[in-house]
Amino acid sequence: MPDNIKEIYRNDITVSDVASTGEITLLTTDTNTQYVIKDVQVGSPLPGSTSPALQNNNFLAASLLANSSGTEIVDVSSTISARLYPSTPILTTNDLIVLDDATTLVTQKYSDINGATSTASTDVATVSTPILPVLTGSSTASEIAVASDGSFFWTKQDGNSTCTGYKRQGSPNGTQATIFNRTYGWAVFNGIDTYYSASYSPGSTLYKYNINTGATTSVNAGTAIAASSYPSAYFMNNGMILINRGTSYASNVMILNPVTNVYTLVNLNTVSPGGTTYKWSAYYDSVTDRYTIYRRLNTTLYKAVLSDALTLGTTYSGPVTYSTHAVLSLDFNSYVDQDSTFYKMGLHNVQGKTQLRVYDTVEGGSTIEDFIPYETKSAAIILSKSTAAASDFSQTSPLRLSGVISN
């Protein structure tokens, strides 16, 4: 008697189905029922699901990347499941503000799973606002911000003598006014509400400008935090500011707490301090309590790892491990992110998207990583992340099993 093929399972698997463990139970058999699965039909996998698999009692039965056929015996008291992720997936909401070029401000909210961008239209909300008049000196525009009333802020920094902050009232097209002008100075934004800046004269003053209130306060940092020439700064992942004060202080950089105004000087004798194409950045590892400082000049990346813990308020005199690496050349204001091992540089034209070139400073070599799901042109980027809900993702992965049922 020929087998009577029946549909055993059919459903659209959602992110909510697999959010807790990475897998979903499709069916179970009792002590009297057996299945023989003959055909597996699948649709597109969920974002970031690179090796989805059909499992029989946790053993691989078939890949779910493509349709398959054969014979898979499902004995009594068994479980058939679909594992779409190796473990519980990381669901992230990305809130993005990009100065796309001199003419457009783009704000976007999108989701990703394990770093893979969700591209369904319901998951991506993008608003492109024309900027009129266009920003002058767009190649050096950076440190953008948007206040609670919609006012748009940006800075223009040439890496040497010019550092100016601007506000456009109410929108990117509002009336523009200068909010600060720092000669031979630097400015950074904390990603929330405050610009920190300093100028060559007086070189010890730290200015704090709140974008929501418009108030400026200042404190004496106790030593020079900007000097002629080529001062620069970077707002770090732990809220500290890394400062290259300029060529007048060639032997050290500063790590400053902009809330308490306490700083530490770090001697970096082997790292040349300045030039308009120099890009300084740093990373604090909260697990090891160590700082890693980077400085890129054109095609060369200099890395300095502080071997001992750093105490704010004292000069760091511990050992420093130096290394030098070859990287791709990018302009002075190019986007950069890093940790103690990987140095990530923005690439603005990779298959219609802006990606990151991830350079491994320990093993060497680089890879390309998803970053922004569309192409941008500017390095003025703010990206904040939060935990997404499974219901934020609209994609589904259709799955159908057919075969023989026996009781």
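List the aspartates and glutamates whose Cα lies under 12 Å from the Cα of LYS109, skipping any in the same chain that are fewer than 8 positions away.
ASP95, ASP123, ASP392
Just tell me which lysines come within less than 23 Å, Cα to Cα, of LYS38; anything on the same chain fewer than 8 places away is out.
Qualifying lysines at Cα under 23 Å: LYS6.
Relative contact order, percent, of the chain when contacts are C-alpha pairs under 8 Å separated by at least 6 residues?
That works out to 19 percent.
Of the listed pairs LYS303/LYS377; LYS303/LYS385; LYS156/LYS353; LYS344/LYS385; LYS167/LYS208, which have alpha-carbon separations greater than 22 Å here?
LYS303/LYS377; LYS303/LYS385; LYS156/LYS353
Could you tell me the distance between the Cα centroids of region 40-96 and region 215-256, to the nearest Å?
A separation of 52 Å, based on Cα centres.
Every read-out reported here was derived from the displayed coordinates using simple, explicitly stated rules and does not represent laboratory data. Treat the numbers as computed from the prediction; the structure is a model and nothing was measured.
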